[in-house]
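To keep things clear, I will list the structure first and then write my remarks on it.
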Amino acid sequence: MSLELLDRAAGRGARVAIIAPEGVFTYQELLDASSVAATRLLAGRDDLRSARICYLIPPSWDYVACQWAVWRAGGHGVPLATSHPPAELAYVLDDAEPEAVVAHPSLLDKIEGVAAERRIPVLQTPALLRPGPSADLPDFGEDRPALMLYTSGTTGRPKGVVSSHGNLRAQVEALTTAWGWTANDHILLHLPLHHVHGIVNILLSALWNGATCEILPRFRPVDVWERLARGEVSLYMAVPTVYQRLIQWWDEAEPRTREAWSAGARACRLMISGSAALPVPILQRWETISGHRLLERYGMTEIGMGLSNPLEGERRPGFVGRPLPGMEVRLVEDGEVVGEGTSGEIQVRGPAVFESYWRRPRETAEAFTDDGWFRTGDRAVVEDGAYRILGRSSVDILKTGGEKVSALEIEDVLRSFEGVADCAVVGVSDPAWGDRVCAALVPRRGTDFDVDSLRAFAKDRLAPYKVPKDFLVVADLPRNAMGKVTKPAVRDLFTPDESS
Ligand code: MCA
Ligand code: AMP
């Protein structure tokens, strides 16, 4: 990835690469700025040799220039989530053991203390990116680690997913072919930049293809509608929760505004949804408003994108299409590969699939079959040639607003609060969030239970989207004959009408 991405950028020097809050930047400016910044990261060395560099930078030009600088210096990039509290950031620093953190001044408060406690130097973006000399930059192969993205699993705390430059190149090439990317594309980006969706599907795909990526610092439905209304955006990608919010805003707008917004959206060539199941009513409503049948696709941090509806041809509501170029996909049940009409676990193989979980050889080995297929933990069925996702094998992995969270990780935090004897976290089906994170709590005998203090406690320790939206105090948790908590019965506690 590294070398070819740079060669491709060099051939597009004068084209606009990034439109961001800081201004408009060409490919040549990106090459120049990242070369100077890479030289600073190297500090006289010839190669970072895969040293991890964490960066905590809002979606912006600075983010992109820093990402490229880390790669050009031979480093392994670890983007940190801007919404995370210091406790979550500290976890990543302890796990990734970076040699440095690059921080945007607006986020310095969150990271300065935890980095100092670990004696990790913090470089601020204005210092990293100010003009200066460029040294010779290292040459290395595509098997060099490029990214480490943290993802929740069924065991323990989040794991670092290590993807090489070759993995990223395979992911981007598949999307280029499947979705018809060209240098004339102009894409809007407001998704967080510590996930594959924002980083690979949007930012890197645009930069690989010489297209323009327009970065909004955060998601605000009105800003997205107004950008779409100008008719310049050719490609748009988001999670179902975002489409649901855009629909809500459109519904509440004046008729003239609605008309202008819809006309702008129609000028787009392609709109895509993913990261969580797209409810069919959202697909239908969006089609009425924008004239676009959303292209739904399926992916995962470990594999990039695996399945996609077609650019041309039928996009079947409720289905995620067929394997992307370069990706082998099969369904397996009880160790046997199953055919059309029978459900099974999705397993995938191909050059886009990640290298390893960072410093977790056992989990890495367990995630693959002996012949190299990655077990996704998602279940699906093929009907008339297209895949339909049936959900996760584990009830403890939830998707809220496109964010994957582990119920067990949240439970561990809630149990550490004085006054909580036991708890169970579940995802309750919700039209806005997909899974709404809810917690049933058993108070310790003789203790007064204060839900507000518990919420504040959780907010200090967990990413905001992991903090349960609803807390329910119960005398006991529902259990089966073996004494194990039955999560479906816990879920029913939050949806009494459906269970009665
Ligand atoms: C924010 N909040 C959430 C979430 N996001 N609650 C549950 N789930 C969420 N995802 C809470 C905040 O804590 C806050 O709570 C309140 O909602 C408002 O926060 P705000 O920051 O204003 O929210 P927002 O900006 O409107 O964010 C909602 C969002 C965002 C736009 C849907 O979550 C988002 O961009 N999600 C996409 C994530 C993504 O890119 N996923 C891809 C990963 P309070 O008021 O109590 O403080 S999956 C992936 O990469 C794979 C490969 C794939 O297939 O794509
Ligand atoms: P993450 O680990 O955050 O990369 O999320 C990947 C997970 O999101 C997958 O394992 C699926 O469970 C889910 N996912 C992604 N796209 C879809 C989709 N189109 N429909 C249903 N689930 C999806």
- In nm, to one decimal, how far is the V337 label point from the T155 one, both placed 7 Å along Cα→Cβ? 2.8
- Note on the structure: With x for Gly and Pro, the residue-by-residue ³J(HN,Hα) of the range 315-323, computed from phi through the Karplus equation 6.51 cos²θ - 1.76 cosθ + 1.60 at θ = phi - 60° and given in whole Hz, is 9, 7, x, x, 10, 10, x, 10, x
- Item | Neighbour cut-off at most 14 other Cβ (10 Å), DSSP loop, trypsin sites (Lys or Arg not before Pro), the range 32-134 | R45, R49, R118, R119
- Message: Residue by residue through the range 295-301, what is 3J(HN,Hα) from phi via Karplus (6.51 cos²θ - 1.76 cosθ + 1.60, θ = phi - 60°)? Round to whole Hz and write x for glycine and proline.
- Response: 8, 8, 9, 10, x, 7, 3
- Task: For D384 and V451, compute 0.36 nm times the residue count separating them, minus their Cα-Cα distance, and round to one decimal in nm.
- Result: 19.2 nm
- Query: Sorted by average packing, counted as other Cβ atoms within 10 angstrom per residue and highest first, what order do 222-228, 120-126 take?
  - Reply: 222-228, 120-126
- Ordered by residue, what ³J(HN,Hα) values in Hz, to whole numbers, does the range 183-189 give under the Karplus form 6.51 cos²θ - 1.76 cosθ + 1.60, where θ = phi - 60° and Gly and Pro are x? 5, 7, 6, 9, 10, 9, 10
- Note on the structure: Taking the alpha-carbon centre of each part, the distance from the range 37-90 to the range 137-187 in Å is 15
- Quickly work out the S416-to-E259 label distance, labels modelled 7 Å from Cα along the C-beta direction, and quote it in nm with one decimal. 5.7
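Would you mind counting up the charge near G180? Only other residues with Cβ under 9 Å from its Cβ, with Lys and Arg at +1 and Asp and Glu at -1.
In short, -1.
For the range 355-431, which GluC sites (Glu not before Pro) pass both filters: DSSP loop (anything but H, G, I, E, B) and at most 11 other C-beta atoms within 10 Å? Mind showing how you got there, number by number?
Numbers: sites: E355, E363, E366, E383, E403, E409, E411, E418; in loops: E355, E418.
Passing both the DSSP loop test and the Cβ count: E418.
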- For a paramagnetic label modelled at 7 Å from the Cα of L311 toward its Cβ, which residues of the range 227-241 fall within the zone defined by backbone nitrogen distances under 20 Å? 232-238
- Query: Given H placed on each backbone N at 1.01 Å, which residues far from R52 in sequence or on other chains put an amide H within less than 5 Å of it?
  - Reply: H76, E99
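Given a Förster distance of 45 Å, report the FRET efficiency between V474 and R220 from their Cβ-Cβ distance, rounded to the nearest 0.05. Don't skip to the end; give the middle numbers.
Values: r = 38 Å, r/R0 = 0.84.
The value I calculate is 0.75.
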- Item | Spin-label pair R266/A116, simplified geometry with 7 Å Cα→Cβ offset, distance in nm | 5.8
- Task: May I ask you to sort D384, D371, D378 by Cβ crowding, counting other Cβ atoms within 10 Å and putting the fewest first?
- Result: D371, D384, D378
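Using just the helices of the chain, give the 222 nm mean residue ellipticity in deg cm²/dmol: DSSP H runs with n ≥ 4 each add -39,500 (n - 2.57), and the total is spread over all residues, rounded to 500.
Rounded to the nearest 500, it is -9500 deg cm²/dmol.
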- Query: Taking H as built 1.01 Å from N, whose amide H comes closer than 5 Å to the amide H of M237, not counting residues under 5 places away?
  - Reply: L188, I272
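Readers should treat all values here as calculations from the given coordinates under stated rules, not as data from a laboratory. In this text, all values refer to a predicted model and were calculated from it rather than measured experimentally. Counting neighbours? That spans all protein chains shown, and the Cβs are built from the backbone with ideal geometry, glycine included.
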